[in-house]
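Engineer: The following block contains the structure, expressed as structure tokens.
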């Protein structure tokens, strides 16, 4: 799918084994102002095999429930992806990390990405070329 825009998405009281939002195999994606509440031992949002994407504004749980991860960007195919920007993610209650970048493919790559201005722990397991990860804040649990 090409040229996908999602704005002002609300998912309330999500639970179960699947992410609340899953975007797969897209290009030219823009997301803004997601609010997701609920819990699960998965990610609230899964972005998979998608290039040229901007994620601007994802807020998770204000209460005690939580997801394993707030947002996971996953490369699961042997493809080269570019241009990822993640900003304004608030996932202070995520069990593992607020933003996770993973690659389960044999030779898939990601280059040219920026993760900045988030209130979330960031875990970059891709370590791609031309990556900028800075200005992210983690809030210690009470």
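The values are calculated or read from the model by the stated rules, or taken from the named source; none is laboratory data. Treat the numbers as computed from the prediction; the structure is a model and nothing was measured. Don't worry about glycine lacking a Cβ; one is built from the backbone with ideal geometry, like all the others, and counts go over all protein chains shown.
Engineer: So is residue 31 surrounded by fewer than 20 Cβ atoms within 10 Å (Cβ to Cβ), touching a strand residue (DSSP E or B) at 6+ places or on another chain (Cβ under 9 Å) and over 21 Å from residue 126 (Cα atoms) or not? Show your work before the answer.
Structural biologist: Numbers: surrounded by fewer than 20 Cβ atoms within 10 Å (Cβ to Cβ): no; touching a strand residue (DSSP E or B) at 6+ places or on another chain (Cβ under 9 Å): yes; over 21 Å from residue 126 (Cα atoms): yes.
No.
Engineer: Within the bounds of segment 113-122, is there any residue that is within 16 Å of the chain's Cα centre (by Cα), without any contact (Cβ under 8 Å) to a residue 24 or more places away in the chain and in a loop (DSSP other than H, G, I, E, B)?
Structural biologist: Residues of segment 113-122 that are within 16 Å of the chain's Cα centre (by Cα), as a first pass: 113-122.
Then drop every residue that is not without any contact (Cβ under 8 Å) to a residue 24 or more places away in the chain, which leaves none.
No; the residues of segment 113-122 include none that is within 16 Å of the chain's Cα centre (by Cα), without any contact (Cβ under 8 Å) to a residue 24 or more places away in the chain and in a loop (DSSP other than H, G, I, E, B).
Engineer: Here is a further query. Looking at segment 98-112, is at least one residue out of contact with any strand residue (DSSP E or B) (no Cβ under 8 Å at 6 or more places or on another chain), modelled with pLDDT of 95 or more and surrounded by fewer than 21 Cβ atoms within 10 Å (Cβ to Cβ)?
Structural biologist: First, pick out the residues of segment 98-112 that are out of contact with any strand residue (DSSP E or B) (no Cβ under 8 Å at 6 or more places or on another chain): 106-107.
This time we only want the ones that are modelled with pLDDT of 95 or more, so: 106-107.
Applying the additional criterion that residues be surrounded by fewer than 21 Cβ atoms within 10 Å (Cβ to Cβ) yields 106-107.
Taking every residue of segment 98-112 in turn, at least one turns out to be out of contact with any strand residue (DSSP E or B) (no Cβ under 8 Å at 6 or more places or on another chain), modelled with pLDDT of 95 or more and surrounded by fewer than 21 Cβ atoms within 10 Å (Cβ to Cβ).
Engineer: Condition first: within 19 Å of residue 94 (Cβ to Cβ), surrounded by fewer than 17 Cβ atoms within 10 Å (Cβ to Cβ) and without any contact (Cβ under 8 Å) to a residue 60 or more places away in the chain. Can you find one or more residues in segment 43-52 that meet it? Steps first, please.
Structural biologist: In the first step, residues of segment 43-52 are kept if they are within 19 Å of residue 94 (Cβ to Cβ); the result is 43-48.
Filter once more, keeping what is surrounded by fewer than 17 Cβ atoms within 10 Å (Cβ to Cβ): none.
No, there is no match, as no residue in segment 43-52 is within 19 Å of residue 94 (Cβ to Cβ), surrounded by fewer than 17 Cβ atoms within 10 Å (Cβ to Cβ) and without any contact (Cβ under 8 Å) to a residue 60 or more places away in the chain.
Engineer: Separate question: Inspect segment 66-87 for any residue being at pLDDT below 95, under 17 Å from residue 121 (Cα atoms) and not in a strand (DSSP E or B) and give the result as yes or no.
Structural biologist: Yes, because at least one residue in segment 66-87 is at pLDDT below 95, under 17 Å from residue 121 (Cα atoms) and not in a strand (DSSP E or B).
Engineer: May I pose another question? Answer with yes or no whether residue 93 is buried (at least 18 other Cβ atoms within 10 Å of the Cβ), out of contact with any strand residue (DSSP E or B) (no Cβ under 6 Å at 6 or more places or on another chain) and touching a residue at least 24 places away in the same chain (Cβ under 8 Å).
Structural biologist: Considered against the rule, which asks whether it is buried (at least 18 other Cβ atoms within 10 Å of the Cβ), out of contact with any strand residue (DSSP E or B) (no Cβ under 6 Å at 6 or more places or on another chain) and touching a residue at least 24 places away in the same chain (Cβ under 8 Å), residue 93 comes out as yes.
Engineer: Here's another thing I want to ask about it. What number of residues within segment 124-136 are part of a strand (DSSP E or B) and either surrounded by fewer than 17 Cβ atoms within 10 Å (Cβ to Cβ) or more than 13 Å from the chain's Cα centre (by Cα) (or both)? Reasoning before the result, please.
Structural biologist: Here is the first cut: in segment 124-136, the ones part of a strand (DSSP E or B) are 124, 131-134.
Next, from what is left, pick out any that are either surrounded by fewer than 17 Cβ atoms within 10 Å (Cβ to Cβ) or more than 13 Å from the chain's Cα centre (by Cα) (or both): 131-134.
Of the residues in segment 124-136, 4 are part of a strand (DSSP E or B) and either surrounded by fewer than 17 Cβ atoms within 10 Å (Cβ to Cβ) or more than 13 Å from the chain's Cα centre (by Cα) (or both).
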